[in-house]
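One structure below.
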Amino acid sequence: MSQERDSTLAPRVLVIDDEPQIRKFIDISLRSQGYATLLAETGQQGLAQLASKGADIVVLDLGLPDIDGRDVLRELRQWSRVPVIVVTVRSGEEEKVALLDAGANDYVTKPFGIGELMARVRALLRNA
């Protein structure tokens, strides 16, 4: 019973990434820090999970198999203010500026250290 109660109080992080090993790595890291996780491997799955289950923060990859992460961000910004951290191999300044202007709250370039990602999650949750 206490485990169920803890998971309902833990901040919920939705991870949208099509790479199983990255999704698992982020999932294990988040859960070890006390976060509850929701996982999606496509943009549509992520949007559906966010709409039905909600989340306190979203970690969003851009290179998804069904729709580009930019389109996921654009769509979710039409109905949600949830903080979004974009995680991607795309590292050009123009790309970063465009995504931040489109509503992303933060941007992490792959490969990344898990400590950095956790610090960014904590920072956004503090400000939410």
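The values are calculated or read from the model by the stated rules, or taken from the named source; none is laboratory data. This is a predicted model, so every value here is computed, not measured. Cβ: placed from backbone, ideal geometry, glycine included. Neighbour counts: every protein chain shown. The area values use the complete protein model at the heavy-atom level, side chains included, leaving out ligands, DNA and RNA. Shrake-Rupley method; radii C 1.70, N 1.55, O 1.52, S 1.80 Å.
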Q: Please go through the stretch 80-99 and pick out each residue that is under 21 Å from ALA48 (Cα atoms) and out of contact with any helix residue (DSSP H, G or I) (no Cβ under 8 Å at 6 or more places or on another chain).
A: ARG81
Q.
When you scan the stretch 100-108, do you find a residue that is of a type in the set (Phe, Trp, Tyr), in contact with a helix residue (DSSP H, G or I) (Cβ under 9 Å, 6 or more places away or on another chain) and open to solvent by 40 Å² or more (accessible area, probe 1.4 Å), even just one?
A. no
Q: Please specify each residue of the stretch 78-96 satisfying the condition of being open to solvent by 50 Å² or more (accessible area, probe 1.4 Å) and at pLDDT 95 or above.
A: GLN78, TRP79, ARG81
(Q) Which numbered condition in (1) outside any helix (DSSP H, G or I); (2) modelled with pLDDT under 95 is the only one that ALA104 fails? (A) (2)
Q) Considering only residues of the stretch 33-71 that are of a type in the set (Ser, Thr, Tyr) and part of a loop (DSSP other than H, G, I, E, B), which is surrounded by the fewest Cβ atoms within 10 Å (Cβ to Cβ)? A) THR42
(Q) Contact list please: Cβ distance under 6 Å, first residue in the stretch 1-17 and among the polar types (S, T, N, Q), second residue at pLDDT 60 or above, pairs at least six apart or on different chains. (A) SER7/ALA36
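For every residue, the table says whether it meets (1) without any contact (Cβ under 8 Å) to a residue 60 or more places away in the chain; (2) under 19 Å from GLU116 (Cβ atoms); (3) small (Gly, Ala, Ser); (4) touching a strand residue (DSSP E or B) at 6+ places or on another chain (Cβ under 7 Å).
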site: LYS24; (1), (2), (3), (4): yes, yes, no, no
site: LEU38; (1), (2), (3), (4): yes, no, no, yes
site: LEU50; (1), (2), (3), (4): yes, no, no, yes
site: ARG81; (1), (2), (3), (4): yes, no, no, no
